[in-house]
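Chemist: Once you've had a glance at the structure underneath, I'll fire off some questions.
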């Protein structure tokens, strides 16, 4: 569980993160959606809040154009809980847990370009 994010539950906070790579996730209908993977997500005071986070591309990320690996970005995001895990209804096994994610990223800007 992301205990550091849990401390900021339902609040909008400023973060920095290092871009790693692009990815794809399937969508219910239509084409797969492009995603971004970030590592070393830190609060503005420099403390690590989570090791990684995935975002779906939004207008804010599109405005940055193509990101190179190791580019550090700064953004605001809301910390929200979500349920993850598996439920086996046949054997009545519930392995769901609550975890925390970053959602609604805004004010996205490049803080340090890749070398």
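The values are calculated or read from the model by the stated rules, or taken from the named source; none is laboratory data. All figures in this text were calculated on a predicted structure; none of them were measured in a lab. In this analysis, Cβ positions are derived from the backbone assuming ideal geometry, glycine residues included, and neighbour counts consider all displayed protein chains.
Chemist: Which pairs have Cβ atoms under 9 Å, sit 6 or more apart or on different chains, and link a residue in region 35-56 that is free of Cβ contacts under 8 Å to residues at least 40 places away in the same chain and at negative phi to one that is outside any strand (DSSP E or B) and surrounded by 12 or more Cβ atoms within 10 Å (Cβ to Cβ)?
Modeler: Taking only residues 6 or more apart or on different chains, the pairs are 35/57; 36/57; 36/61; 36/67; 43/4; 43/8; 51/2.
Chemist: OK, next. For region 3-12, state whether one or more residues are over 17 Å from residue 58 (Cα atoms), outside any loop (DSSP other than H, G, I, E, B) and out of contact with any strand residue (DSSP E or B) (no Cβ under 7 Å at 6 or more places or on another chain). Can you show your working first?
Modeler: Start the filter on region 3-12 by keeping residues that are over 17 Å from residue 58 (Cα atoms), which leaves 3-12.
Keeping just the survivors that are outside any loop (DSSP other than H, G, I, E, B) gives 3-6, 12.
Keeping just the survivors that are out of contact with any strand residue (DSSP E or B) (no Cβ under 7 Å at 6 or more places or on another chain) gives 3.
Yes; the residues of region 3-12 include at least one that is over 17 Å from residue 58 (Cα atoms), outside any loop (DSSP other than H, G, I, E, B) and out of contact with any strand residue (DSSP E or B) (no Cβ under 7 Å at 6 or more places or on another chain).
Chemist: Please state which of the following conditions residue 102 fails to meet, knowing it meets all the rest: (1) in a strand (DSSP E or B); (2) surrounded by fewer than 12 Cβ atoms within 10 Å (Cβ to Cβ).
Modeler: Here residue 102 clears every test but (2).
Chemist: While we're looking at this one, here's another question. Among the residues that make up region 46-68, is at least one of them over 17 Å from the mean Cα position of the chain (by Cα), at pLDDT 90 or above and part of a strand (DSSP E or B)?
Modeler: Looking through region 46-68, none of the residues is over 17 Å from the mean Cα position of the chain (by Cα), at pLDDT 90 or above and part of a strand (DSSP E or B).
Chemist: Here's another thing I want to ask about it. Among the residues that make up region 79-99, is at least one of them surrounded by 12 or more Cβ atoms within 10 Å (Cβ to Cβ) and outside any strand (DSSP E or B)?
Modeler: Within region 79-99, not a single residue is surrounded by 12 or more Cβ atoms within 10 Å (Cβ to Cβ) and outside any strand (DSSP E or B).
Chemist: Additional query: With respect to the numbered conditions (1) surrounded by 11 or more Cβ atoms within 10 Å (Cβ to Cβ); (2) free of Cβ contacts under 8 Å to residues at least 60 places away in the same chain; (3) in a strand (DSSP E or B), which one is the sole condition not fulfilled by residue 76?
Modeler: All conditions are met except number (2).
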